[in-house]
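A.B. asks: Dropping a structure here in structure tokens format, bear with me for questions.
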Amino acid sequence: GEPNPNPEEIEDSIWVSTEQLLADMKAHKERYTYWFTVAMERVVQSL
């Protein structure tokens with residue numbers, strides 16, 4: 001289904017491919033929390 005984020009918790013969202021996300025994470029490390037980076041590494045390993 002369609003995401004239904006709580007507007008009090010999220011300002012904006014976009015849909016990107018895994019490759020686009022990984023490239024953005026590498027180019028803009030300051031945009032991502034430490035724990036998101038750790039979790040994303042595990043997600044990629046499980047693909």
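A.B. asks: So in the range 1-32, with the set limited to residues that are of a type in the set (Asp, Glu) and closer than 19 Å to VAL44 by Cα, which one is surrounded by the fewest Cβ atoms within 10 Å (Cβ to Cβ)?
C.D. replies: Keep residues of the range 1-32 that are of a type in the set (Asp, Glu), which gives 2, 8-9, 11-12, 19, 24, 30.
Among the residues that remain, those that are also closer than 19 Å to VAL44 by Cα are: 19, 24.
Values: GLU19: 8, ASP24: 13.
Ranking the candidates gives GLU19 first.
A.B. asks: Contact list please: Cβ distance under 9 Å, first residue in the range 1-14 and over 19 Å from TYR32 (Cα atoms), second residue among the aromatic types (Phe, Trp, Tyr), pairs at least six apart or on different chains.
C.D. replies: PRO3/TRP15
A.B. asks: Let me ask you something else. For the range 35-47, how many residues meet the condition of being farther than 19 Å from SER13 by Cα and of a type outside the set (D, E, K, R)?
C.D. replies: So the count comes out to 6.
Quick note: the coordinates plus some simple rules give every number you see, no bench work behind them. Just so it is clear, the model here is predicted, and its values are computed rather than measured. Positions of Cβ are backbone-derived with ideal geometry, glycine not excepted, and every protein chain shown enters the neighbour counts.
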